[in-house]
Each structure stands twice: as structure tokens, then as C-alpha cells.
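Every number in this text was worked out from the coordinates using simple rules, so none of it is lab data. Here the structure is a predicted model, which means the values were calculated and not measured. Cβ coordinates were reconstructed from backbone atoms using ideal geometry, including for glycine residues, and neighbour counts include every protein chain displayed.
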Amino acid sequence: MTTNILPTTTKTVDITTLSPHPDNARQGNTDLIAQSLEHNGQYRPLVVQTSTGHVLAGNHTLAAAHQLGWTQVAATFIDVDDTAAKKILLADNRTSDTATYDDQLLAELLASLNDDLIGTGYDPGDLDALTDSFTPPDLDDLADKVGQPKHDDGWPSINMRVPHTVKAAWISHCDTHNNDEAAAMANLLGVEYTEE
């Protein structure tokens, strides 16, 4: 099996010599990246097209470094044409979009940091939500709180675990239906929805 490893040069460069790729469609959380840079340092170089100085991977890391007032960053330069550069830009964003998590393992990893989550992109509320998502409720306690179900209670409640990307898409879909989850679900199923 052969590999196609591009020749690269990695060096520390003046931040003003680099520019965000003009076709980058990704919208990143620059504040969270800046928090990571502050607490963890730059542990991965930006990937830059040699001929243009455009960042192909790490556009928001570049923005966060500017936000922090950094004057230098580590960058890996690759000599590719504009078409290959666009493909790398797209692939870098898309491959991270399609990733999922083992929520149980993620919760254990976060809990192992003993509430010192600064620089991870997570906060204690995220850990609580993760833990709650795979901790089944005590049905007796639940019945005491909400009462026993009745035949005419209306729409059933559906609880399921989905990847974060699916959850984000569902929230976005609900936004288009004024956050009415029943109407949003009816729209997805192609059935008429009448509020009971």
C-alpha cells in the first residue's frame, strides 16, 4: 500500500504573514479556542498553503491567536494548488463534523479532571448533562413527580441518545417551528399537526 504524504515545512512565523482562507465556510467558537490556547498552548500547527499564505486547517485558531495578541504561531506549509487547497479545507472541516462520541467515556474523562475543565471546551453543566443522559430515571420518583400516565395524555414523550451533530440539527429544525417540538416532529414525519 502506498501513501500520499505531502512534503511539508513546519516553522514559527509572524502571525501577520498568514490569512484566513477566503472560502472557509466553517464558523468556529473563537472564544473557546482562545481559552484552550491560553491554558494548553498551541499544541498543533496551522496548515497553510505555501503559495498564498491562506490557512487550510486552523482558521479559527489563527483568529483566536490574534484575539490573544499573539505575534507568532506555529505553521506547517504545504505546496498545493488552489483546487487541492480547497479540498483540504473542506475535508478538514467535514471529517470533524461526522465524528461522534462515546458519551460514557467522555463523561469519565471529564470527571477525571476533578472539576478543572478550563481549557477543555466543556463546563460542569456539560458533564452533568452527559451523566444525566445515560443515567436512567427512578420510575417511582418520576411517577411521584408527574403522576401516572393517562390514556388521554396526548403526545408521547420520546427519549433517545443521538450524536451531537444530530442534536444540533434537531435544535435548528425546532427553531424553524417556533421551538414547538411536536410541530417539528410532525413536519419531519409528513403528517398534519393539530395542537391538542
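A few comments on the model shown:
- Eligible aspartates and glutamates near Lys167 by straight Cα distance, threshold 20 Å, same-chain separation 8 or greater: Asp97, Asp102, Asp103, Asp123, Asp126, Asp128, Asp132, Asp175, Asp180, Glu181
- Percent antiparallel among DSSP beta bridges (both partners in the chain, rounded to 5): 60 percent
- Per-q log10 I(q)/I(0), segment 63-113, q = 0.19, 0.28, 0.29 Å⁻¹ (Debye; single scatterer per alpha-carbon; no solvent): -0.92, -0.97, -0.99
- Helix axis angle, 124-133 relative to the chain longest principal axis, alpha carbon, degrees: 50 degrees
- Folded to 0 to 90 degrees: helix 30-40 orientation relative to the chain principal axis, Cα: 70 degrees
- Each Lys and Arg adds +1 at its Cβ and each Asp and Glu adds -1 at its Cβ; summed about the Cα centre, segment 38-196 shows a dipole of about 1020 debye.
- Note on the chain: Kirkwood radius taken over Cα pairs, Stokes-Einstein applied at 25 °C and 0.890 mPa s, translational D equal to 118 µm² s⁻¹.
- Computed label-point distance, nm, for sites Thr10 and Asp126 using a 7 Å Cα→Cβ extension: 2.5 nm
- Only one residue of Thr50, Ala184, Ile171 has its Cα farthest out toward the positive end of the dipole of the chain, where Lys and Arg carry +1 and Asp and Glu -1 on Cβ, and that residue is Thr50.
- Where both bridge residues fall in segment 8-97, DSSP classifies roughly 60% of the beta bridges as antiparallel.
- Folded to 0 to 90 degrees: helix 82-97 orientation relative to the chain principal axis, Cα: 30 degrees
- Here r is the Cβ-Cβ distance between Thr3 and Asp23 and R0 is 25 Å; the resulting FRET efficiency, rounded to 0.05, is 0.40.
- Note on the chain: helix-only mean residue ellipticity at 222 nm, from DSSP H runs of 4+ residues weighted -39500 (n - 2.57) and normalised by residue number, equals -13000 deg cm²/dmol.
- Distant-in-sequence amide H partners of Leu46 (H built 1.01 Å from N, under 5 Å): Ala74, Ala75, Thr76
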